[in-house]
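Heads up: the structure comes next, in structure tokens.
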Amino acid sequence: MREKTIRDLGEGLILRRATQADEETLAAFNRKIHGKGQWDGKGLEDWTRDLIESKCPTVTPGDITIIESTSTGEIVSTCTLISQIWSNGGVPFLLK
């Protein structure tokens, strides 16, 4: 299992945190799964790279989780936590 493994899910799947090394695979996965057309797909790849490279001030690679097949190393699913501080009437509140 990888260093960033959170949990062994059984049936050859693990839940783990992303690392910088996942950038290309994660960008391609998001384009394939979520992209609709060439322009949208390119935007998703770029946004994924921005998130994993910590260009968004509230996201680090550790905020991205990946479910991975241990036999193939392929990404099966992924989720990204994008924390934000919002305010209402000048009163800040944190969304997580």
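The values are calculated or read from the model by the stated rules, or taken from the named source; none is laboratory data. None of the values given here were measured: they were computed from a predicted structure. To get the accessible areas, we keep the full protein, side chains included, count just its heavy atoms, and leave off ligands, DNA and RNA. Shrake-Rupley method; radii C 1.70, N 1.55, O 1.52, S 1.80 Å.
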Report task. Measure nothing fancy, just the Cα-based angle from helix 23-34's long axis to the longest principal axis of the chain, in degrees from 0 to 90, nearest 10. Result -> 80
**Report entry** With every protein chain in place, the chain: carbon and sulfur % of accessible area (1.4 Å)
**Finding:** 54
Report task. Taking Rg/Rh (Cα atoms, Kirkwood Rh) as the quantity of interest, determine which of (i) 1.05; (ii) 0.96; (iii) 0.99 was computed from the displayed structure. Result -> (i)
Query - Sum of -39500 (n - 2.57) over DSSP H runs of 4+, divided by residues of the chain (222 nm, nearest 500) - result: -9000 deg cm²/dmol
Query - Gyration tensor verdict on the stretch 8-50 (Cα atoms; rounded if a/c is under 1.5, prolate if a/b is larger than b/c, oblate otherwise) - result: oblate
Query - On Cα atoms only, tilt of 38-52 relative to the major axis of the chain in degrees - result: 80
Query raised in the report: Can you run phi through the Karplus equation (6.51, -1.76, 1.60; θ = phi - 60°) for the stretch 83-89 and list ³J(HN,Hα) in whole Hz, with x for Gly and Pro?
Result: 6, 9, 10, 10, 9, 9, x
Report task. Once you have the Cα-Cα distance between Glu53 and Thr72, take 0.36 nm times their residue separation minus that, and quote the gain in nm to one decimal. Result -> 4.4 nm
